[in-house]
Amino acid sequence: MGALIATWILVGWCGTGWPRRFPWPPPPPPEPWLTKAISLVGGVVGGYAYTYLWPMSQTITGVEVAASAVGAFIGAVVLGDLYALARGSMKAG
């Protein structure tokens, strides 16, 4: 289970992509480490939520890890975007 959580953390770190807005290239966020930390938490929460909704078998296969990594990526992006909206750097809608 520890390796699975480490995978979710890695996916959460990679899930902090550039904001989906213009100008191109976008300016860097004012607190890049806080944004990364929030996305790490989102990755772990998203991966855990995926495995809670679709439980894995006793022996975890690579396909199940990859599927839970998708949940971790979605969790990281959503939580990172919510933080950006709360900070006011992205416009809603």
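Would you order S57, S39 from fewest to most other beta-carbon atoms within 10 Å of each residue's own beta-carbon? Working shown, then result.
Numbers: S57 7, S39 29.
Exposure proxy ranking, most exposed first: S57, S39.
Output ³J(HN,Hα) for the stretch 70-80: one whole-Hz value per residue in order, computed from phi by the Karplus curve 6.51 cos²θ - 1.76 cosθ + 1.60 with θ = phi - 60°, and x for Gly and Pro.
Running phi through 6.51 cos²θ - 1.76 cosθ + 1.60 with θ = phi - 60° gives 5, x, 5, 5, 5, x, 5, 5, 5, 5, x Hz.
Just in the stretch 35-87: which chymotrypsin sites (Phe, Trp or Tyr not before Pro) are loop by DSSP and have at most 16 other Cβ atoms within 10 Å?
Numbers: sites: Y48, Y50, Y52, F73, Y83; in loops: none.
Qualifying residues, ordered by number: none.
Determine ³J(HN,Hα), in whole Hz, for all residues of the stretch 39-46 in sequence, where each value follows from phi through the Karplus function 6.51 cos²θ - 1.76 cosθ + 1.60 and θ = phi - 60°; x replaces Gly and Pro.
5, 4, 4, x, x, 5, 5, x
Quick note: the coordinates plus some simple rules give every number you see, no bench work behind them. Worth saying up front: this structure is predicted, and the values here are computed from it rather than measured. Cβ sites come from the backbone with ideal geometry, for glycine too, and all protein chains shown count toward neighbours.
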